[in-house]
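The values are calculated or read from the model by the stated rules, or taken from the named source; none is laboratory data. Since we're looking at a predicted model, the values are computed, not measured. Cβ placement follows ideal geometry from the backbone for every residue including glycine, while neighbour counts extend to all protein chains displayed.
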Amino acid sequence: MYPKELSRYKEEDYLMLSGIQHFSFCRRQWALIHIEQQWDENLRTVEGNIFHKKAHDGYSSEKRRDVIISRGMPVFSPALGISGVCDIVEFYRDDKKGISLHGREGRYLVYPVEYKKGQPKEDEADVLQLAAQAMCLEEMLECEIEKGYLYYGEIRRRIEVWLDEKIRQQVRDTFEEMHHYYERRYTPKVKRTKACNACSLKDLCIPKLMKERCVKEYISKRIEEESED
Ligand code: SF4
């Protein structure tokens, strides 16, 4: 295990693992949620939260034949300075290549499974989150995890994800950047993109306002629009 005393981060400065998906979606969105503690729920996030609640509602584990299924497992990484919760971690019995688990007979291979409500996306946010979970588990259990799974509710199936060095380096670089922002309590300015339309914080972020020349002009335009209704 990575020695805690070698960690560059104090435990109180650990970042939320799941923040990596917000950060890769939009750095400003991550900062509004994790630095400024602002949160706005739109339909997508409400549905997502309900879906997640089903996947892990407190920690539990069960054994089905040669597989142990753990739900809601807390994880952390002193090396990355993060902590979080894994929806599901599956332990497959493999007495040759696996690791031993406290209180369990045999040896096991470890696979994280992350649940998502929607369908597979083009960006890498989900893969980064899954890789970060695997890296936490590797540190905690002193094992190697070659792959994990992303389960998508809309297509009702899981996708196998190989966790290569490239994605692991991306995880390290991203958390490094997030810690840098967090230490400075820095919220980036609005950069309007296609992502803004689906953003749960668009009303708080007010991206349109940034396009107006000034606040005064924005307000008079709104008053004008309302008086025309
Ligand atoms: S509205 Fe756009 S710029 Fe603002 S937080 Fe959301 S995605 Fe980022």
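Descriptive notes on the structure:
- Looking across the stretch 140-175, just one residue is of a type outside the set (Phe, Trp, Tyr) and within 17 Å of residue 29 (Cα to Cα), and that is 174.
- Residues in the stretch 94-118 that are assigned to a loop (DSSP other than H, G, I, E, B) and within 19 Å of the chain's Cα centre (by Cα) were compared, and the one that is surrounded by the fewest Cβ atoms within 10 Å (Cβ to Cβ) is 118.
- Residue within the stretch 136-153 that is surrounded by 15 or more Cβ atoms within 10 Å (Cβ to Cβ), within 23 Å of residue 8 (Cα to Cα) and within 14 Å of the chain's Cα centre (by Cα) present: yes
Matching residues to (1) in the same structural domain as residue 20 (by TED's automatic domain parsing); (2) part of a loop (DSSP other than H, G, I, E, B); (3) out of contact with any helix residue (DSSP H, G or I) (no Cβ under 7 Å at 6 or more places or on another chain):
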position	(1), (2), (3)
137	yes, no, yes
140	yes, no, yes
150	yes, no, no
154	yes, yes, yes
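- Count of residues meeting criterion [in a loop (DSSP other than H, G, I, E, B), at pLDDT below 90 and more than 16 Å from the ligand (Cβ to nearest atom)] in the stretch 1-47: 5
- Any hit, the stretch 185-199, residues being more than 16 Å from the ligand (Cβ to nearest atom) and not polar (S, T, N, Q): yes
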